[in-house]
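Data first, discussion second: the structure below is written as structure tokens.
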Amino acid sequence: MLFVVRRIPRGTLPTGIFLLAWGSLLVQVLLHFAPGNAAVTGWNSDASITVLQSNDPVFDAFRLYYYGQDRIGAWPWLLAQGWRALTGFDWTPWRVFAWQATWACIACLALRGLQQQAGWLLAATFGALALLSPLFQVQLFALSQPFGWQLTALFLAWWALMRLLRHLGGPSSGPGAVARWAAASVLFCTLACWTSPTSGPLLLVAIVVEGVRVGLVSPGRRRWALLAALVPLAAGIGFESATRHFFHRFAKKQFGHAYATQLKVDKGFLAENARAMFGRLLEDPLGVVVLVGLGLAVVAAVFLVLQLRRRALDPRRPQEELAFLTIALAGGALGNAFIATVVLHVRINGHDIRYLVPTFVLGTLAAASGLSLVLHLVPALRTRAAGLSVLAAGGLFAASHLLVQPRIPEPTLELAQAAADAVVARAGETVLLGGYWDTYLLGALDPEHRLLSVSVDGDYQRTPFWIPKVREAQHILMAFFHGYLGSAEAPAPWLLQYGAPFQLEDPRWEVHPPFTFARYRNASSQQVPMRSEPEKTFTPCEPGATVTYRFEQPVERGLLLVSTHAPTSGAEARAADGTEARVEGVPHLWLVHLERGATPWREVTLRTGSTSRPEDCWYRSTALLRLEP
């Protein structure tokens, strides 16, 4: 028997090995970090929004961003919405996670293409971060976090821009190649900037550093063409800015609130912010690696300056390429840290370490690139530097697979799914009200959106488009899990939500530990019109404030509901003849009991106490109900 052995094309074997390694990484991620795992914060309402949004049948400007904020572009979930609209595909938490995890791991493919000598090591470093760093396990794979989406889009844009610059600066590049890489750059820059506006400055650093390198070897006239690489980035930044403006206008018009993030410069707190963010950097063990990466970037800069002074600088050689790449990665790390230091929103959110995630990633990659550079600078290792980088990548890949921690089940998702299924089976389509952390984690588990989840008035609101459903509902369910508004053991007897009054009908309508559901009936049919004097100046949040409510119809016995977070201490209510009404405080509500007396109630004057109010005091609305005598 004759066997014909054909030569394997050059590059096919390494590419095959790399794809096998990438597939192994993805399998590890899917097995270890799916929803319901304690390593990625289990299951909560933040994570559920992405599932809720993926199954949303509505396409409008509010869906351009993660529900209820303007910082995370919603293109991943818009694609999921489109796929569902075309195929009827139901998005579950696991399916959304699989989509996110696959995209996050694609970052390794982009990093492999950044530089020939260090590409394997960069990809293995990112994979090791994903498998071994607790910080990155949460930030890359928790469904509530944007970094799995942002970083891959960022590295794809970086890779495309580098290729574009090389074609713009190359003497023999044709217009077709330039057009293809320009289109890819526009696409990935748009996705990166839409996911997070911080991507724009980081990509600008990459363009400047790589543009300098390419410009040093480009013919004179071709150097000006390198400026064209700024066009895709400008397109991405411009698209995100226009999209966010459109989102603000739409949300303000439809829901009365623009959902705008405070991205102003935090003047007066820059030194405090710098200390806080540096402290955050050192909280994680990777902080030291980032500092090493920054140090190696200094080494790279010194090397380039010395080469330039000696007239020995050749930007096409591997060591010069690695030096420029190390500087670009470190520059991006510093750029993100600078943004986190100067933006007010970061301080408002307690200088959370998540704002430094791009700094950790880019700084760690700078350390990997710098290590490869050092191997190329040592004369005895220079000829073997590329092989040693690949060997280091293989060791890192093996170690990360061996040391990945076992999956730690967290039961909230399973319990929430059972509770959601039971409620839907019993109630069908219904309004599900509750605290932010009590509702969305349940509503997202029904792909048909039969649990219309709305946060209670005064809490974080992600679904303002369902607020009219609250007012229209004859009955609503109140979910108790964390217990933002009362508790499962003692649910509030009355609610005043978005101007609609509700009375407790069944305190334990459905019980699926740790979830309890209370049923309320809409009491709007008992509402009596009234007017207040003064009309708009009263608020229970002001100590000593006074208001008189005049009823359009006399009330024998009634109940005045005041939706507020103010304390009732010192508050009093009286009729014009001096008859006193009892003021009772329940969670987020004052109940003014108008008991039957000698004459009907025609008005009541409410005075707040003189005690100081909490900083988070708020006042929403009032309603007068006629009760049975």
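The values are calculated or read from the model by the stated rules, or taken from the named source; none is laboratory data. Please read all numbers here as calculations on a predicted model, not as lab measurements. Here Cβ is always computed from backbone atoms with ideal geometry, including for glycine, and neighbour counts include all displayed protein chains. Side chains are part of the model used for accessible areas, which takes the heavy atoms of the whole protein and leaves out ligands, DNA and RNA. Shrake-Rupley method; radii C 1.70, N 1.55, O 1.52, S 1.80 Å.
Observations on the model:
- Qualifying residues in the stretch 449-483 (those that are open to solvent by 20 Å² or more (accessible area, probe 1.4 Å) and of a type in the set (Phe, Trp, Tyr)) - the one farthest from PRO501 (Cα to Cα): PHE481
- The number of residues in the stretch 502-528 that are open to solvent by 30 Å² or more (accessible area, probe 1.4 Å), free of Cβ contacts under 8 Å to residues at least 40 places away in the same chain and not small (Gly, Ala, Ser) comes to 7.
- Residue under evaluation LEU334, criteria (1) aliphatic (A, V, I, L, M); (2) assigned to a loop (DSSP other than H, G, I, E, B); (3) at pLDDT 95 or above, criterion not met: (2)
- Identity of the residue in the stretch 593-614, part of a strand (DSSP E or B) and free of Cβ contacts under 8 Å to residues at least 40 places away in the same chain, that ends up farthest from TRP494 (Cα to Cα): LEU594
- Only strands (runs of 3 or more DSSP E) whose full extent lies in the stretch 467-526 are considered here, and the ones with at least 2 residues that are more than 24 Å from GLY558 (Cβ to Cβ) are 475-480, 500-512, 515-522.
- The combined condition, being among the aliphatic types (A, V, I, L, M) and at pLDDT 90 or above, is not fulfilled by LEU168.
- Among the candidates LEU227, LEU281, LEU202, the residue that is closer than 22 Å to GLY170 by Cβ and either open to solvent by less than 60 Å² (accessible area, probe 1.4 Å) or hydrophobic (A, V, I, L, M, F, W, C) (or both) is uniquely LEU227.
- Looking only at the stretch 16-29, and only at residues there that are touching a residue at least 24 places away in the same chain (Cβ under 8 Å) and over 18 Å from PRO134 (Cβ atoms), the one that is farthest from the chain's Cα centre (by Cα): PHE18
- Of residues in the stretch 560-613 being loosely packed, with under 15 Cβ neighbours inside 10 Å and hydroxyl-bearing (Ser, Thr, Tyr), the one modelled with the lowest pLDDT: SER612
- Number of residues in the stretch 114-155 that are among the aliphatic types (A, V, I, L, M) and either under 26 Å from GLN319 (Cα atoms) or open to solvent by 10 Å² or more (accessible area, probe 1.4 Å) (or both) equals 13.
- Some residue of the stretch 396-405 being over 20 Å from TRP94 (Cβ atoms), touching a strand residue (DSSP E or B) at 6+ places or on another chain (Cβ under 6 Å), in contact (Cβ under 8 Å) with a residue 40 or more places away in the chain and not small (Gly, Ala, Ser): no
- Failed item, numbered, when CYS193 is tested on (1) in contact (Cβ under 8 Å) with a residue 24 or more places away in the chain; (2) surrounded by fewer than 17 Cβ atoms within 10 Å (Cβ to Cβ): (2)
- Under the condition of being without any contact (Cβ under 8 Å) to a residue 40 or more places away in the chain, closer than 13 Å to LEU560 by Cα and aliphatic (A, V, I, L, M), the residues counted in the stretch 574-592 number 4.
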